[in-house]
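First comes the structure, then the notes that go with it.
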Amino acid sequence: MASELAKRIKQKQSLLDATLENPELRILSLGAGVQSSTIALMSARGDLPRLDYAIFADTGWEPKAVYEWLDWLETKLPFPVLRVQRQGEDLGQHAISIATLDVTRTASPPWYTAGPDGMLPKQCSGEYKTRVIGRKVRELLGLAPGQRGPKEQVVEQWIGISKDEMQRMRHSEQKFTLNRFPLIEKRMSRIDCIKWMLERQYPRPPKSSCIFCPYRGQDQWRDMRDNAPEDWEAAVAFDKSIRPGFFGMEGQAFLHRQRVPLDQVDLSTAADQGQGALFDEECEGVCGV
Ligand code: SF4
């Protein structure tokens, strides 16, 4: 197991080697889940260098528990938490409203389809998270829209990817931003983060991800149904609303891999049933952390 980890770290080494001596700006891409919350609190406690800002890209469809957690977390941090949204709109409304538009121009979540496509291409996390945070970083640097950014790297962006999700590490789309992965540098897994929190008497953070995100395992859907009825109701309604699919797409769309209405899925069965757990699949954004 240890050698497997060493092998994976070696493959991604170029993403771990670089550091900036005195970055002009040090920000955290805050997903408000376990990992990024751990980093935020580590910085607050002095276990990591002090952040200038934490930036939360709000799709507008996080579970209620995540917004409550974010409100709590904000009170524990000595640096500002900036909540940003794409042009003031939320992902869910956008996704529904594009039903009459060309599907190639959407920011679609990767919903399952009953047609030959299988699954819609995932454009949501890039459009509603990565790029929204990138625009905020430009603004913080004082760059006008369209103005070229610095040639050299001046921004450190910390991302809460833990060692068990190393395949999600990416370079930044912005040349002047260096992505850093403090949890991987510390060889911490998601479970290590939870332990770190509990040892310091912090409450356990919720899982972050849009309530209609299909990267959700059977047990996670069941947990939503049983413990977060408001979120479940919204997810069921959302699932119904996407059923016709979108212009340019064949077949119906579903939130659940079984491609049946969400409130008709048998969630009493074993956890796997072929439905992948959250973000086992590739995600270039910063969802779920
Ligand atoms: S949580 Fe899922 S639906 Fe939401 S932006 Fe990320 S990948 Fe898309």
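The values are calculated or read from the model by the stated rules, or taken from the named source; none is laboratory data. Quick caveat, the model's predicted, so the values are computed rather than measured. Backbone-built Cβ (ideal geometry, glycine too); neighbour counts: all protein chains shown. Side chains are part of the model used for accessible areas, which takes the heavy atoms of the whole protein and leaves out ligands, DNA and RNA. Shrake-Rupley method; radii C 1.70, N 1.55, O 1.52, S 1.80 Å.
For region 115-129: of the residues being under 18 Å from E62 (Cβ atoms) and surrounded by fewer than 22 Cβ atoms within 10 Å (Cβ to Cβ), which is modelled with the highest pLDDT?
Within region 115-129, the match that is modelled with the highest pLDDT is G126.
Kindly indicate whether I191 is surrounded by fewer than 20 Cβ atoms within 10 Å (Cβ to Cβ), more than 16 Å from the chain's Cα centre (by Cα) and not in a loop (DSSP other than H, G, I, E, B).
yes
For region 120-139, indicate whether the set of residues that are within 23 Å of L48 (Cβ to Cβ), touching a residue at least 12 places away in the same chain (Cβ under 8 Å) and more than 17 Å from the chain's Cα centre (by Cα) is non-empty.
Checked region 120-139: at least one residue is within 23 Å of L48 (Cβ to Cβ), touching a residue at least 12 places away in the same chain (Cβ under 8 Å) and more than 17 Å from the chain's Cα centre (by Cα).
So which residues in region 32-68 are of a type in the set (F, W, Y) and open to solvent by less than 20 Å² (accessible area, probe 1.4 Å), if there are any at all?
Across region 32-68, the qualifying residue is only F56.
What residue, among those in region 33-86 that are modelled with pLDDT of 95 or more, more than 14 Å from Q157 (Cα to Cα) and assigned to a loop (DSSP other than H, G, I, E, B), is farthest from the ligand (Cβ to nearest atom)?
Only one residue tops the list, namely G46.
I'd like the residue in region 177-188 that is outside any helix (DSSP H, G or I) and under 17 Å from the mean Cα position of the chain (by Cα) and, out of all such residues, is surrounded by the fewest Cβ atoms within 10 Å (Cβ to Cβ).
N179
Kindly indicate which of L262, L267, L255 is at pLDDT 95 or above, open to solvent by less than 60 Å² (accessible area, probe 1.4 Å) and either at negative phi or touching a helix residue (DSSP H, G or I) at 6+ places or on another chain (Cβ under 7 Å) (or both).
L262
Just checking, how many residues over region 143-154 are free of Cβ contacts under 8 Å to residues at least 24 places away in the same chain and open to solvent by 60 Å² or more (accessible area, probe 1.4 Å)?
Qualifying residue count, region 143-154: 4.
More than 26 Å from E21 (Cα to Cα) and either crowded, with 19+ Cβ neighbours inside 10 Å or within 16 Å of the ligand (Cβ to nearest atom) (or both): which single residue out of Q201, Q174, Q218, Q157 fits that description?
Q218
Output the number of the condition that A237 fails; it satisfies all remaining conditions of (1) surrounded by fewer than 16 Cβ atoms within 10 Å (Cβ to Cβ); (2) closer than 30 Å to Y112 by Cβ; (3) touching a Phe, Trp or Tyr at 6+ places or on another chain (Cβ under 9 Å).
Condition not satisfied by A237: (3).
State whether one or more residues within region 19-31 are over 26 Å from Q220 (Cα atoms), assigned to a helix (DSSP H, G or I), at pLDDT below 95 and open to solvent by 50 Å² or more (accessible area, probe 1.4 Å).
Taking every residue of region 19-31 in turn, none turns out to be over 26 Å from Q220 (Cα atoms), assigned to a helix (DSSP H, G or I), at pLDDT below 95 and open to solvent by 50 Å² or more (accessible area, probe 1.4 Å).
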